Each structure stands twice: as structure tokens, then as C-alpha cells.
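Remarks on the structure that follows.
Throughout, read-outs are computed from the coordinates displayed, never taken from laboratory work. These figures come from a predicted structure and were not determined experimentally. Counting neighbours? That spans all protein chains shown, and the Cβs are built from the backbone with ideal geometry, glycine included.
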Amino acid sequence: MTSSGMSSRGMTGGLRAAVEAVRRHRVAAVLLFLLVFPLLMPYQALAINILIFGLFAVGFNLLFGYTGLLSFGHAAFLGVGSYLTGIGMVHMGLPWGLALALGVACAGLAGLVIGYLAIRTRGIYFSMVTLALAQIVYYAFYKAERWTGGENGLRGIQVPGFELAGFRFDFLDPTTKYYVILAFVAAALWFVSRVLASPFGAVIEAVRENEKRAAACGYDVARTKLLVFVLSALICGLAGALRALHLSVVPIDSLHYLLSGQAVMMCLLGGMGTFFGPFVGAGVFLTLEDVMTTLTSHWMAVVGAVFMVFVLYFPAGLWGSLLRQVDRRLERAG
Amino acid sequence: MEISASLVALQLVTGIALGAVYALLAIGLSLIFGMLTVVNFAHGAFFMVGGFVGLYFMGLTGNFWFSLVLTPLVVGALGLVVERFLVRPLYGRGIDYPLLLTFGLSWVLIEAMRVLFGIEGLPSSTPAELRGSVDLGFGFFPKYRLFLIFATAVVVLALWLFLEKTRYGLIVRAGSRDGEICKVLGVDVARVWLMVFGIGTAIAGLSGVLAAPTRAVNPEMGIPVLAESFVVTVVGGMGSLPGAVVAGLLVGIVFSMTSLFAPEFAELSIFVLMAVVLLVRPQGFFGKAGLMG
């Protein structure tokens, strides 16, 4: 009796220490996982996709999970990031690093404009308005065929191999590509973690919990929302820019609201308002899609149904539910 | 191309006909929102299902009118099932959840139609009675599009009579004002909500069957329609039926006029219209300011 009680207490103690360590060093923990992640996946292209969409979902999560604003227009920022990176390289002859910066900056600018209009509304309206405003970007890029390739998408984005600190990086090698992209993702994750840990991070969660009270405390709610919106757009723009480098084309679908919907789905499947949840969501979504497309051409039905089950029964998502379980166990152990 | 006054007039009528379908879609969306504060993200999908079911019945019976009556009933019944088993458990859990659920539902409905009718879609044709065109004085106009305007007017009138002149309508209006008080007064609000969701989806189905002869019927047809009906709802004011009608017609006219004068900007124009309305009057033409905070 006593010995088993002792060992279980020792176990919860270990669990507590582990949870504490992961919470404190969340960026390091996620990176550790992402470093070994490609070894767990059947092929690198899927791992890269999950990495990029994970980042997309992280950017989206900043707004939806942490600030409580459900945007249905985030494909606009992914798409603008992709297209401007591509346009920078194909039409303007910029080196890829500079083109990437251009893509991210333009996504932030798009976030500023769309955000400025959208935060004038709230609740359900906000979702509808972001969706509709993002469609403006979609149609604008669709029609600007000379620059974007219109319906066929933008083609011919080639990242040449490059040398850094004496190492030669060949972008055609999928493993190298994964780790180069991971370097950018790591920087973005560190940045997001810093934002969330800052006083500003506390303000955005206050806005989510009670907007009126946050305003009464003297915080400028509208400006907070706009700033988060822009930050979120920048992260999603980076995901888009990396996606352009990864795919070497920019499909027009990158801007469509269905892709915004995918960010929503990934975020909820993984666990909104959690740091690692978006990656879990992206992983589950894309792996499900990958497996399902080999079995049936109607994978959308399966993903849609799984998503509905989560909305109905597991709104905390996979990672969020797991965290809750762990918390509950620790609480019970005292 | 020479742009004459009669061409502009014809295009105006075309816009009204297009706007009629938009108005119908927005009415369905607004009705559900006004009562349940649920944004139905599967509205476009219900529209698409209406298009398919309508063509299916037309093929089965060869009778357009039969299909016009039966399709909304079928789509409405589907809506009843959806409300009862999927949306209802989410009431009281925050406004985002029904929205997320219906988004997932739209994926399932799209795939369901692909399984049932194939990914190519179905060919549609104008019913024989409504083929040909009528002389409007300034030019010839397709009969079917005039019929669209007429049908929408009938639906709007019927809905108005239902809401304003019947007992059920009174309960619906009271329920959208204050559901809590309605419950206290002994109204079974859950049943009213079920009915409203059913009517809203039935109207989406009806607009699908009405629109079928004027566009390609395929599983993806509802995807842009959802975004467009959001534009109409935002412009008109959420939850307002007159707003839905006025904004629907306006959006239709703006679209068809831009396609006459600057065809490249046709799709873009209605979204820009919405952006302008948001800047000037965020709650929309007939919206209550309270809704927007």
C-alpha cells in the first residue's frame, strides 16, 4: 500500500516537473519535437507541409485562440505572403531572402487594411466581414494575371543553393529544405512566445475574456485588436512566403476562404489558445488528408465530419484536452 | 461596344433578377440569424443541395413546378435534422460554435453531392414554359429572369404575411426580440427555433432550384455564393428582412452594372461595396447599431 502510494506520488512529481519544464520552455520543447519530426513522417514533403501549415495555424491562433476573434479571412495573408515572395523573385529578380521579407511585409500591410475595417465589427459579423474582405484580395490577384498568373497560379519560383557559415545548403534536398524552413519557424515561434509572455499578451487575453472590462481598465481595445491582427497577419504571411519557396509555385487557391477555413479547422482540432495545439491540428488534418486521399476521393467529407465531432464533443481539441487531463490529474494529486 | 440607354436599362433588369436570388439567400440567412443568432456557414451548401435536388426532381417528373414546391420541402427537412441533432447541442456555448459546425457541415454536404451526382455536376435547362424572351419596350429580356423577380416577390410577400399576420409569425418575432421572456410566457422556444432553421434552409434550397437554370449546377456552386450572401447581409444589416431585400437588389445591380462597364471588376465590385458600407455605416442599411457593439 504505502510503497505503491509512494511510487505514484513520485510519478506525479515527475509529471509535474516535466509539465512545468515544458510550459516554461515551450519554444524549446516545440523545437525539440520539430527537430526529430521528419524522422517520424513517411516522407519529407508532408513534414514540410505540416511545418508550414502549423505556423499558419499558430498565426491564426494568436487571433482566434488568444484574442477570441474568429477570422475567416486569414488565407489572404498566407496568399499575399506567398504571392509577393513569388513576384519578388520571378518579376523583380530579388534574392529569395529579400523576397521573403517583401512577402511578410505586404502580408502585414494587408493585415493592417483588412484589420482596420474588420475590427469595426464584432462577434459573428467579424467572421463574415473578414471572409468577404479576404475575397477582395482573392479576386484582385485572380484578375492581375500579368503579375500573378491568374487561374494558373504563379510559377517558376526557384531557390538556388546557398552557402552559409561554410555549409552548402541545397534547397532541392527535402531534408535541407525542412531544416531551413524550420529555422524561420523557430524564429517566429520565439517571437510569438515573447508576445504572449509580455504584458501585451496579458492584455489580449483580457480582451478575449471580457472586452468591456479590459476597456474599463484603461486599455485601448480597438488598437489592441488591430495590433494582434497585424501580428497574426505577419506570422501567416511568413507561413505563406515559406510555402512559396517550398512549392516553387503559388496556386490561386492560396487566397481562397476555404484555406482560411482550414486554419480554423487545424486550430480547433489541435486546441485553440494552446501553444503547441496548432501544430498538432495541422499534423492531424494534413495526415488525415494524406491518408484519406489514398483511400477515397471524398476525403473532405471525412475531415468535415471529424471536425463536426470535435466542435460538438471536444471543443478543446486534441492537445487542449490532453493538457486538461494532465492538469486535472495533478490537481487531484494535490 | 456602343453602350446605349436601352442596353443599360436591360442590364439593370438583369441586375434586379440576379439581386432577387441574392435577396432570397440573404433572407434565409437573416431569418436564422435574427432568431437563433447563428450564422449558417452551410447556407451556400444548402443552396447547392437545392440546385441538385431541384434538377433531380425535374429529371424524375419532367415538371419544373413540381420540383419548385418539393425541393424546398426536402432541403428544409434536411435543415430540421441539422438543427435538431447538430446545432441544438451548441446553444449557449458561444456564438462561434454553430458557425464552426456549419462550416464543417458544408464540407460534408459538398462531398455528399459529389458522391450522389458526380463531381461534374448536372446540366440544367430552362423549363419550357419560361423559355424565350419578352419585349420590355427597350429591348428583349429572358422570360425566366423576369420569373425570378416575380418568384422572389411572391416569397417575400408570403414571408411578410407569415411574420406579420399569423400567430406563428408573432411568436417568431417575439422570440427574436427576447427568447427568455417567450419561454417564461410558455412558448416552446426550442420548437420555434427548429421551425425557423427549417424555413431558412428551405429558402436557401428554393433559391438553389430557382438559380439552377441560370448557372452551372456543381458541388462547388455554393462556395462563392456563401461569400456573396455575406456581403448582402452585411450591407443590408444582419437580421433585417427589408435590409436583405434592398441590399440583395443593390448588390445584383452593382454586379451587373460593373460587368457592363468594367467587366474585370465585376466580382470585385460587390466586395468593395461592402467595404465602403462598413466604413460609412458599419451596422448596414437596416441593422441595429447594438448588434455591432
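Once the Cα atoms are used to define both axes, helix A:2-24 deviates from the longest principal axis of chain A by about 30 degrees.
Report the local net charge at residue A:126: Lys and Arg +1, Asp and Glu -1, summed over other residues whose C-beta lies under 15 Å from its C-beta.
Numbers: positive: A:120, A:122, A:208, A:225; negative: A:211, B:96.
After counting each charged neighbour, the total is +2.
Distance between the modelled labels on residue B:153 and residue A:293, one decimal in nanometres: 5.0 nm (7 Å Cα→Cβ projection).
Picking from A:161, A:54, A:261, which is most flexible by a Gaussian network model of chain A using Cα springs under 10 Å? Greatest mean-square fluctuation among the candidates belongs to A:161. Remark: the protein assembly as shown is approximated by an ellipsoid whose semi-axes, taken from the C-alpha gyration tensor as √(5λ), come to 43, 31, 23 Å, largest first. For chymotrypsin sites (Phe, Trp or Tyr not before Pro), the sites in region A:41-149 that DSSP calls loop and that have at most 11 other Cβ atoms within 10 Å are A:43. Using alpha carbons only, how many degrees (0 to 90, rounded to 10) separate the axis of helix A:199-209 from the longest principal axis of chain A? Result, in degrees: 80.
Taking the radius of gyration and the Kirkwood hydrodynamic radius from Cα positions alone, what is the Rg/Rh ratio for chain A, to two decimal places? Rg divided by Rh gives 0.99.
The long axis of helix B:222-236 is offset from the longest Cα principal axis of chain B by roughly 80 degrees.
For residue B:288, the aspartates and glutamates whose Cα comes closer than 18 Å to its Cα, not counting residues fewer than 8 places off in the same chain, are B:178.
First measure r as the distance between the Cβ atoms of residue B:61 and residue B:170, then evaluate 1/(1 + (r/R0)^6) with R0 = 45 Å and state the FRET efficiency to the nearest 0.05. Walk me through the numbers on the way to the answer.
Values: r = 37 Å, r/R0 = 0.81.
Between residue B:61 and residue B:170 the formula returns 0.75.
Applying 1/(1 + (r/R0)^6) with r as the Cβ-Cβ distance of residue A:146 and residue B:163 and R0 = 56 angstrom yields a FRET efficiency of 0.65.
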